Amino acid sequence: MAAISIRQLRKSYGKTEVIHGIDVEIEAGEFIVIVGPSGCGKSTFLRMVAGLEAVTAGTISIDGHPVNDVEPKDRDIAMVFQTYALYPHMTVHNNMAYGLKIAGLPASEIDERVQRAAKMLELSEFLPRKPRQLSGGQRQRVAMGRAIVRNPRVFLFDEPLSNLDAKLRVQMRLEIKHLQRSLGTTSLYVTHDQVEAMTLADRLIVMNEGIAEQINTPMRVYDHPASVFVADFIGSPAMNFLAGRVTANGDAVELDSGSVLRADGWSLGADTGRAVTIGIRPENLRQVAAGDADLTLQVVAIETLGADTLAHGFAVGNGRTGQAPNKMKDNVAVRLPGNSQIAEGEKLALRIADGMLHLFDAATGKRLGDG
Amino acid sequence: MEKRVTFGGGVLPYLLVLPQMIITAVFFLWPASQAVYQSVQLPDPFGLSTTFVWLDNFKFLLSDRYYLESFQTTAVFSVAVTVLSMGLALLFAVMADGVIRGASTHKTLLIWPYAVAPAIAGVVWLFLFNPSIGVVAFYLKYAGYHWNHVLNANEAMLLVVVAAAWKQISYNFLFFLAGLQAIPRSLIEAAAIDGAGGWHRFRTITFPLLSPTTFFLLVVNIVYAFFDTFGIIHTVTAGGPERATMILVYKVYADGFVGQDLGSSAAQSVILMVIVAALTVVQFRFIERRVHY
């Protein structure tokens, strides 16, 4: 178990800077998930912690000791790769024992550790096999086993579940969480899958274009996204965005369509008249009588998921951009109960649940102050 | 489902394989059968008639001291060429694999010797080491060493080995480099994180994963040293001094076309044919089965 401290971490390839200064303090035993779209720099970030990429500027410290110039093998870390990176010419047993042999442990202890890890991961019967004789899920577990046996200070996971099918992914997600909890090893986990991010993390680092947009617990990120990017990235279906502006007395926002939404709990006194992007989660909208509606949805498509029914469409008279809605860009989704009887082409009168507004500056995309 | 073009019988399929069959027949089957036929014949001194002598040519060869010596020479020569060219090629490939700046220039330059014909390669090395006019021989003399491969058997062997290996390094280099680049980076990274240093990584991960390439090259290089080095031997030493570099394939030529002993020469060809067939069988057997992980 180890605490990791990252200060002003930067990475450049030639003149192109891809990571623009990340600060984060990770406590011992914490499970941190780094999430973001392709090319946001999350893997590069992880590889710098692993020591596989040189640090351009800033420091990475493990347990208070800077490790910028420490070789990967001396950092006491273990990494699980997306492709598993199992040694194809070695048996499962030898794959797991490889690092221990190099560390010079006595054979009896190596065997004991491998057996213990194999039992934990239900791999005991596969120990004499080669990786190519295993299924994807089993290989994944061997990769985990190789990390566990070394009993490192830090686990690093680089999209370890992306190559598995959906069902196996859910199962392995739970196993990883359970393992991390029982071992208590500090872990950094990179993924582009927001469900993995939400379910595994003690804290999330949401990355976008080389910047950590928000670092916080999953629920805090979900309930108080720091920017339009975070709000859009976390949550499925994504948050709805509408254009509007703060009213003259600063206690409400007015949609382009003319509806006025109360902004209780927001301190907007200094922002009167400011153009804002209003975010509303699909589950914070409910169907009401036409007279009580905050906005009207023109339904374009319906997805019945069983437990829920999702209605997709656009808000009549209101887009995300401040102009007339564009069917493709200004999709508004509503999560309705599974038994809702609605039809395509229908107009739905919707009301926003009290206090469930998210307000962002229309120009910068940053969240406005909400006390 | 397998996609496969099918022909509805008739003559077309036969026409399509005909060119290959003709080439095989004219350039392999016919000469090979001639060699087999000649190997059991003994021509008279004027080449006007031949006598069927059963396996006398072979019996004579196997009791011929020079022929058995030639076997030894060939063994030494091929092992030396194979080890030298593969060893250096692997070293170069590992280094080229690590080069980032100017990588393509390095690779191109390393591939060049392959484009040189064996006889030309021989002449190049001959010029360098010629005892009277060679540049290297000249400087060796300065350093106090009198190089003369025309008289010294060991020096002659060394020179043809170096010349033959030099030409084959490019070929081996290409295959080793491709083999190295086919090893996923993440494996090497995983080994680095597992605590393995550079040499240990090479020994336990990289080299075992290269083993299919290595085995393939081993067979190819032995075949090369056995057969394709004729031009180098011919230009550099012509088998001398005193048969010191007389490898089997050169002896076929020397006995048959210089010594005019066609029966013995044909018998030697047949023996070489058997050797190459055996090598090919070994290669296919092992490459398909053992040398895979």
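The values are calculated or read from the model by the stated rules, or taken from the named source; none is laboratory data. The structure displayed is predicted, hence computed values, not measured ones. All Cβ positions, even for glycine, are placed from backbone atoms using ideal geometry, and neighbour counts span all protein chains on display.
Is it the case that some residue within region B:90-109 is hydroxyl-bearing (Ser, Thr, Tyr), under 26 Å from the mean Cα position of the chain (by Cα) and either at pLDDT 90 or above or surrounded by 12 or more Cβ atoms within 10 Å (Cβ to Cβ) (or both)? No, there is no match, as no residue in region B:90-109 is hydroxyl-bearing (Ser, Thr, Tyr), under 26 Å from the mean Cα position of the chain (by Cα) and either at pLDDT 90 or above or surrounded by 12 or more Cβ atoms within 10 Å (Cβ to Cβ) (or both). For A:Leu164, the conditions (1) touching a helix residue (DSSP H, G or I) at 6+ places or on another chain (Cβ under 7 Å); (2) modelled with pLDDT under 90; (3) closer than 20 Å to A:Ile234 by Cβ are fulfilled apart from (3).
Only residues that are over 25 Å from the mean Cα position of the chain (by Cα) and either of a type in the set (Phe, Trp, Tyr) or assigned to a helix (DSSP H, G or I) (or both): list them for region A:119-137, please. Answer for region A:119-137, where residues must be over 25 Å from the mean Cα position of the chain (by Cα) and either of a type in the set (Phe, Trp, Tyr) or assigned to a helix (DSSP H, G or I) (or both): A:Lys119, A:Met120, A:Ser124, A:Glu125, A:Phe126, A:Pro131, A:Arg132, A:Gln133.
Residue-level analysis places B:Ala196 outside the set of residues that are buried (at least 19 other Cβ atoms within 10 Å of the Cβ), more than 30 Å from B:Leu272 (Cα to Cα), modelled with pLDDT of 90 or more and not charged (D, E, K, R).
Every residue, every condition in (1) touching a Cys at 6+ places or on another chain (Cβ under 7 Å); (2) of a type outside the set (D, E, K, R); (3) not assigned by TED's automatic domain parsing to the domain that holds A:Gly355, yes or no:
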site	(1), (2), (3)
A:Met207	yes, yes, yes
A:Ala212	no, yes, yes
A:His224	no, yes, yes
A:Arg245	no, no, no
A:Glu254	no, no, no
A:Val260	no, yes, no
A:Ala275	no, yes, no
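Can you find even one residue in region A:316-331 that is assigned to a strand (DSSP E or B), out of contact with any Asp or Glu (no Cβ under 6 Å at 6 or more places or on another chain) and either modelled with pLDDT of 85 or more or surrounded by fewer than 17 Cβ atoms within 10 Å (Cβ to Cβ) (or both)? Scanning region A:316-331, I find no residue that is assigned to a strand (DSSP E or B), out of contact with any Asp or Glu (no Cβ under 6 Å at 6 or more places or on another chain) and either modelled with pLDDT of 85 or more or surrounded by fewer than 17 Cβ atoms within 10 Å (Cβ to Cβ) (or both), so the answer is no.
Scanning region A:343-366 for residues that are charged (D, E, K, R) and in a strand (DSSP E or B) turns up A:Lys347, A:Arg351, A:Asp361, A:Lys366.
Residues that are of a type in the set (A, V, I, L, M, F, W, C) and either under 13 Å from B:Thr204 (Cα atoms) or not in a loop (DSSP other than H, G, I, E, B) (or both) within region A:87-118 comprise A:Met90, A:Val92, A:Met96, A:Ala97, A:Leu100, A:Ile102, A:Ala107, A:Ile110, A:Val114, A:Ala117, A:Ala118, listed in sequence order.
Kindly state which helices (runs of 4 or more DSSP H) lie completely within region B:175-293 and contain at least 1 residues that are more than 14 Å from chain A (Cβ to nearest Cβ), under 25 Å from B:Ala117 (Cα atoms) and touching a residue at least 12 places away in the same chain (Cβ under 8 Å).
B:211-223, B:230-236, B:248-253, B:262-288
Candidates are the residues of region A:40-60 that are under 17 Å from B:Ile193 (Cα atoms) and among the polar types (S, T, N, Q); the one that is farthest from the other protein chains (Cβ to nearest Cβ) is A:Thr44. When you look at A:Gly29, is it on the phi > 0 side of the Ramachandran plot and either surrounded by 15 or more Cβ atoms within 10 Å (Cβ to Cβ) or over 24 Å from the mean Cα position of the chain (by Cα) (or both), yes or no? So A:Gly29 fits the description; yes. Evaluated against (1) surrounded by 15 or more Cβ atoms within 10 Å (Cβ to Cβ); (2) under 19 Å from B:Ala89 (Cβ atoms); (3) not β-branched (Val, Ile, Thr), B:Ser264 falls short on exactly one condition, (2).
Out of A:Tyr189, A:Tyr222, I need the residue that is away from chain B (no Cβ under 14 Å), without any contact (Cβ under 8 Å) to a residue 60 or more places away in the chain and of a type in the set (Phe, Trp, Tyr). Which one?
Values: A:Tyr189 fails: without any contact (Cβ under 8 Å) to a residue 60 or more places away in the chain.
Answer to the selection: A:Tyr222.
Answer yes if at least one residue in region A:140-147 is buried (at least 19 other Cβ atoms within 10 Å of the Cβ), of a type outside the set (Asp, Glu) and outside any helix (DSSP H, G or I), and no otherwise. Scanning region A:140-147 turns up no residue that is buried (at least 19 other Cβ atoms within 10 Å of the Cβ), of a type outside the set (Asp, Glu) and outside any helix (DSSP H, G or I). Total residues in region A:158-202 satisfying the condition of being of a type outside the set (A, V, I, L, M) and in contact with a Leu (Cβ under 7 Å, 6 or more places away or on another chain): the figure is 6.
B:Ala191 meets each of the listed conditions (1) at pLDDT 85 or above; (2) surrounded by fewer than 21 Cβ atoms within 10 Å (Cβ to Cβ) apart from (2).
When B:Leu126, B:Leu42 are checked against the criterion of being in contact (Cβ under 8 Å) with a residue 24 or more places away in the chain and either at positive phi or within 20 Å of the chain's Cα centre (by Cα) (or both), a single residue qualifies: B:Leu126.
Which members of region A:241-251 meet the condition of being in contact with a Leu (Cβ under 8 Å, 6 or more places away or on another chain) and either modelled with pLDDT of 85 or more or within 16 Å of A:Gly365 (Cβ to Cβ) (or both)? Selection gives A:Leu242, A:Ala243, A:Gly244, A:Val246. Scanning region A:82-99 for residues that are more than 14 Å from A:Gln138 (Cα to Cα), facing chain B (nearest Cβ under 9 Å) and among the hydrophobic types (A, V, I, L, M, F, W, C) turns up just one, A:Met90. From A:Arg129, A:Arg150, grab the single residue that is in contact (Cβ under 8 Å) with a residue 40 or more places away in the chain and under 22 Å from B:Asp194 (Cβ atoms). After applying the criteria, what remains is A:Arg150. Every test in (1) within 13 Å of another protein chain (Cβ to nearest Cβ); (2) without any contact (Cβ under 8 Å) to a residue 12 or more places away in the chain; (3) surrounded by fewer than 16 Cβ atoms within 10 Å (Cβ to Cβ) is passed by A:Glu109 save one, and that test is (1). Every test in (1) under 14 Å from the mean Cα position of the chain (by Cα); (2) touching a residue at least 12 places away in the same chain (Cβ under 8 Å); (3) loosely packed, with under 15 Cβ neighbours inside 10 Å is passed by A:Gly184 save one, and that test is (1).
Considering the conditions (1) within 11 Å of another protein chain (Cβ to nearest Cβ); (2) touching a residue at least 24 places away in the same chain (Cβ under 8 Å), A:Leu121 is excluded by exactly one of them, (1).
Conditions tested, residue by residue: (1) closer than 30 Å to A:Val195 by Cβ; (2) among the hydrophobic types (A, V, I, L, M, F, W, C).
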{"position": "A:Glu27", "(1), (2)": "yes, no"}
{"position": "A:Pro37", "(1), (2)": "yes, no"}
{"position": "A:Asp63", "(1), (2)": "no, no"}
{"position": "A:Pro88", "(1), (2)": "no, no"}
{"position": "A:Ala97", "(1), (2)": "no, yes"}
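Scanning region A:187-202 for residues that are surrounded by fewer than 20 Cβ atoms within 10 Å (Cβ to Cβ) and of a type outside the set (Ser, Thr, Tyr) returns A:His192, A:Asp193, A:Val195, A:Met198, A:Asp202. When B:Ile169 is tested against (1) more than 14 Å from every other protein chain (Cβ to nearest Cβ); (2) surrounded by 21 or more Cβ atoms within 10 Å (Cβ to Cβ); (3) in a loop (DSSP other than H, G, I, E, B), only condition (3) is not met.
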